[in-house]
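These notes are about the structure you will find just below.
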Amino acid sequence: MRTPLQTRSESSADRMLAATLALLDEGGPGAVTVAAVARASGASNGSLYHRFGDRHGLLLAAQARALGTIEAETATAFAEADTEPDDEQAVALLATAAIDLFVRHGGSLRAFLVDVADSEEVRAASTAFTHRLAGTVTGWLQQRFACGVPAAESAWRLLFALGVSRALFEDDAISPVPLDPGALADALGRAVLAVVR
């Protein structure tokens, strides 16, 4: 059984990580300082150092939280797609989920896949994350469509490239003509189907 002190300590760590992720989303890794996270989370600098060691430890913990959340949401999307008997609808569900995930978690993905890549630990964790996602996507495509590895890997790269571009750029930076996310997801789903069929 947890004591009240342990519960407070855990919720304090959760607040620190949530503040870190919010700062990453708003201003990138440069916005994440011990003082800024402490201020945003209502914690002291000392408690942050005690919990995470330093800024790098805080970023690693935030990375684990963010990427774990994305993996869990990805698993949920695939579980939902598995219940859809129509292949086109199943892929459409996944394309919609992929675009949504990359947009909603854009700040974290930008930070951990691109901006903080100078840290070997961050880079290794990010690579392991993308490899796990690749395994999930390609395994599902191979099972569902009985396609070969090259087709599944090509489809994964389409999904990943589009998702990362959505995480890195606002839509108005890509084109002056707005595109409804549903239309983009529909086109992405058709592209994936064309590759794996």
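The values are calculated or read from the model by the stated rules, or taken from the named source; none is laboratory data. Because the structure is predicted, anything quoted here is derived from the model rather than measured. Cβ sites come from the backbone with ideal geometry, for glycine too, and all protein chains shown count toward neighbours. The area values use the complete protein model at the heavy-atom level, side chains included, leaving out ligands, DNA and RNA. Shrake-Rupley method; radii C 1.70, N 1.55, O 1.52, S 1.80 Å.
In summary, G68 fulfils each of the numbered conditions (1) surrounded by 14 or more Cβ atoms within 10 Å (Cβ to Cβ); (2) within 22 Å of the chain's Cα centre (by Cα); (3) under 21 Å from V137 (Cα atoms) with the single exception of condition (1). Of the residues making up segment 78-116, those that are assigned to a loop (DSSP other than H, G, I, E, B) and touching a residue at least 40 places away in the same chain (Cβ under 8 Å) are H105, V116. Of all residue pairs spaced 6 or more apart or on separate chains, those with beta-carbon atoms under 8 Å, a first member in segment 117-128 that is of a type in the set (G, A, S) and a second member that is modelled with pLDDT of 95 or more and open to solvent by 60 Å² or more (accessible area, probe 1.4 Å) are A125/A64.
If you scan segment 32-60, which residues turn out to be in a helix (DSSP H, G or I), open to solvent by 30 Å² or more (accessible area, probe 1.4 Å) and within 29 Å of V103 (Cβ to Cβ)? R39, A40, F52, R55, H56, L60 - these are the residues of segment 32-60 that are in a helix (DSSP H, G or I), open to solvent by 30 Å² or more (accessible area, probe 1.4 Å) and within 29 Å of V103 (Cβ to Cβ). Which count do you get for residues in segment 72-103 that are surrounded by fewer than 16 Cβ atoms within 10 Å (Cβ to Cβ), farther than 18 Å from Q143 by Cβ and not β-branched (V, I, T)? Residues in segment 72-103 being surrounded by fewer than 16 Cβ atoms within 10 Å (Cβ to Cβ), farther than 18 Å from Q143 by Cβ and not β-branched (V, I, T): 2 in total.
Yes/no matrix, rows are residues, columns are (1) crowded, with 17+ Cβ neighbours inside 10 Å; (2) more than 30 Å from G30 (Cα to Cα); (3) of a type in the set (F, W, Y):
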position: E121; (1), (2), (3): no, no, no
position: G139; (1), (2), (3): no, yes, no
position: Q143; (1), (2), (3): no, yes, no
position: L168; (1), (2), (3): no, no, no
position: A185; (1), (2), (3): yes, yes, no
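Contact map, segment 12-29: residues that are under 13 Å from S41 (Cβ atoms) paired with residues that are open to solvent by less than 40 Å² (accessible area, probe 1.4 Å) and outside any helix (DSSP H, G or I), Cβ distance under 7 Å, separation 6+ or inter-chain. Pairs shown: S12/A43; R15/A43; M16/A43; T20/V32; L23/V32.
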